[in-house]
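Structure record follows, encoded as structure tokens.
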Amino acid sequence: MALIDACVHCGFCLPSCPTYLLWNEEMDTPRGRVYLMKAALEGRAAMTPTFVSHFDACLGCMGCVTSCPSGVQYGPLIERTRAQIERHFERPFGERLFRSLLFAVLPYPSRLRLVMAPLVLLGPVLRALERSGALGVLPRRVRSLIAVAPQPSLASLTSRVPEHTAAAGTPRLKAGVLTGCVQRLAFADVNRATIDVLAAEGCTVEAPAAQGCCGALALHAGNIDQARALAKHNIEVFERAGVDRVVVNAAGCGSSMKEYGELFHEDAAWADRARAFSEKVRDVSEALVELGEPRARRHPIAARVVYHDACHLAHAQGVRAQPRALLAAIPGIELLSPAEAEICCGSAGIYNLVQPEPASQLGERKARNIAALAPDIIATGNPGCILQIAAAGRRLGHDWTIVHPIELLDRSIKGA
């Protein structure tokens, strides 16, 4: 109740809330949802479909955390509320089945690899059908699933990053790298760039093959038991690796891993281990800035680069300056930020799959703001944002190059 009572209902969060911007409804604001939480705890609100819908509509983007003058910890509040919903509310059969399938596949790379394999050949076909409008006959969720599906290659599905990479020159740090779920299969180049840049800057890099999903998608959706099981596994794996830092290149993953202490705060056997682990977690941009003076020379890249703040990097982790500093240090780059930079693009974990309509509206809103800057390249630190912005851009007629900032840094160091 103390977390709830911190909210004074001042309304500063309203302009930063994507669903309030879309619908102008009080119960679809952070303060409205906090009011519903309190009403439920006091027995004044039941867990009805309407009650649940307001929490399902929340993106969990944490834009309200940035704008809140009272320091309300909205992240733990929405996660705990969603956990109670998943435990006590019976969703319609189709909804339960869809969500169950997502969480039976997405957090498990071996299963996800099998599901993604057909996209190697079918991906271009589906994109052509998407452009033609032929997919309009499909249910909205299926269309959204196709629209944001990545385009893997055979190499990305089968390749593995090395478990150990030596530092260039005298080692400065021993860094463990999270390889992720979707990231390792659809964005293998991001992991390779992360390892190569860290090594070039003097880090000995460990990427344990035994690691798995960090639990972020499950945690943000209320599947707290699954999130804890996945988190325990990774804590054990990186403890054995004996690293100084756990480096993450996906904003949502980093946000959740920094919250492991909160996730296990009531578990005496794991609380201290989880907190110690979280203290080592850094976004790759944070880790590189903390190293100090760069060792590797940066070669020029002549490009207008729009940097998109991933919500779980900017709002949840407070990491804004570091990615921009790394990009701005590359000669030739003109670094730009779009209007409404603080507003979510609509990706938000599985949000664009379970809430496709508002996700689509937010995606296109973000794409229009980016298009106004006529970028050569878009850079953002989260795989979900890359897929969401690409899909929204295609709907508006744009075929953008969208990369992780670490890829641009890697190209600059290698002179590619």
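No other residue among Arg368, Arg394 is open to solvent by 10 Å² or more (accessible area, probe 1.4 Å), assigned to a helix (DSSP H, G or I) and free of Cβ contacts under 8 Å to residues at least 60 places away in the same chain apart from Arg368. Of all residues in region 38-79, those satisfying the criterion of being of a type in the set (Ser, Thr, Tyr) and either without any contact (Cβ under 8 Å) to a residue 40 or more places away in the chain or open to solvent by 60 Å² or more (accessible area, probe 1.4 Å) (or both) are Thr48, Thr50, Ser53, Thr66. Pairs under 7 Å by beta carbon, first residue touching a residue at least 24 places away in the same chain (Cβ under 8 Å) and acidic (Asp, Glu) in region 332-353, partner buried (at least 20 other Cβ atoms within 10 Å of the Cβ) and not in a loop (DSSP other than H, G, I, E, B), six or more apart or different chains? Partner pairs satisfying both residue conditions: Glu334/Val305; Glu342/Ser16; Glu342/Gly63.
Residues of region 289-313 being under 25 Å from Gly261 (Cβ atoms) and crowded, with 24+ Cβ neighbours inside 10 Å, which ones? Write out each step before concluding.
Filtering region 289-313 for residues under 25 Å from Gly261 (Cβ atoms) gives 289-291, 309-313.
Selection gives Asp309, Ala310, Cys311, His312, Leu313.
Within region 156-178, one or more residues are at pLDDT 90 or above, surrounded by 22 or more Cβ atoms within 10 Å (Cβ to Cβ) and within 18 Å of the chain's Cα centre (by Cα). Return yes or no: is Leu22 over 17 Å from Arg80 (Cα atoms) and either open to solvent by less than 20 Å² (accessible area, probe 1.4 Å) or not β-branched (Val, Ile, Thr) (or both)? Taking the combined requirement at face value, the residue satisfies it. Annotation: of all residues in region 315-364 being crowded, with 20+ Cβ neighbours inside 10 Å and among the polar types (S, T, N, Q), the one that is nearest to Ala416 (Cα to Cα) is Gln322. Cβ-Cβ contacts under 8 Å between residues 6 or more apart (or on different chains), taken from a first residue in region 80-95 that is of a type outside the set (D, E, K, R) to a second residue that is open to solvent by 30 Å² or more (accessible area, probe 1.4 Å) and outside any helix (DSSP H, G or I), are listed as Ala83/Asn223; Gln84/Met47; Ile85/Met47; His88/Met47; Phe89/Met47.
Can you spot a residue in region 114-124 that is surrounded by 15 or more Cβ atoms within 10 Å (Cβ to Cβ), over 24 Å from Ala359 (Cβ atoms), over 21 Å from the mean Cα position of the chain (by Cα) and in contact (Cβ under 8 Å) with a residue 12 or more places away in the chain? Yes, there is a match, as at least one residue in region 114-124 is surrounded by 15 or more Cβ atoms within 10 Å (Cβ to Cβ), over 24 Å from Ala359 (Cβ atoms), over 21 Å from the mean Cα position of the chain (by Cα) and in contact (Cβ under 8 Å) with a residue 12 or more places away in the chain. The helices (runs of 4 or more DSSP H) found wholly in region 1-80 and carrying at least 1 residues that are of a type in the set (Lys, Arg) occupy 30-41.
Checking the conditions here, which among Lys280, Lys232, Lys258 is surrounded by fewer than 19 Cβ atoms within 10 Å (Cβ to Cβ) and more than 30 Å from Asp376 (Cβ to Cβ)?
On the way: Lys232 fails: surrounded by fewer than 19 Cβ atoms within 10 Å (Cβ to Cβ); Lys258 fails: surrounded by fewer than 19 Cβ atoms within 10 Å (Cβ to Cβ).
From the options Lys280, Lys232, Lys258, the qualifying one is Lys280.
Answer yes or no as to whether Leu135 is open to solvent by 60 Å² or more (accessible area, probe 1.4 Å), of a type outside the set (S, T, N, Q) and over 18 Å from Arg184 (Cβ atoms). Criteria not met by Leu135. Can you tell me which of (1) farther than 23 Å from His54 by Cβ; (2) over 16 Å from the mean Cα position of the chain (by Cα); (3) of a type in the set (Ser, Thr, Tyr); (4) open to solvent by less than 20 Å² (accessible area, probe 1.4 Å) is the one Thr401 doesn't meet? For Thr401, the exception is condition (4).
The values are calculated or read from the model by the stated rules, or taken from the named source; none is laboratory data. All values derive from a computational prediction rather than experimental measurement. Ideal geometry is used to build each Cβ from the backbone, glycine not excepted, and the neighbour counts take in all protein chains shown. Heavy atoms of the whole protein, side chains included, go into the accessibility calculation; ligands, DNA and RNA do not. Shrake-Rupley method; radii C 1.70, N 1.55, O 1.52, S 1.80 Å.
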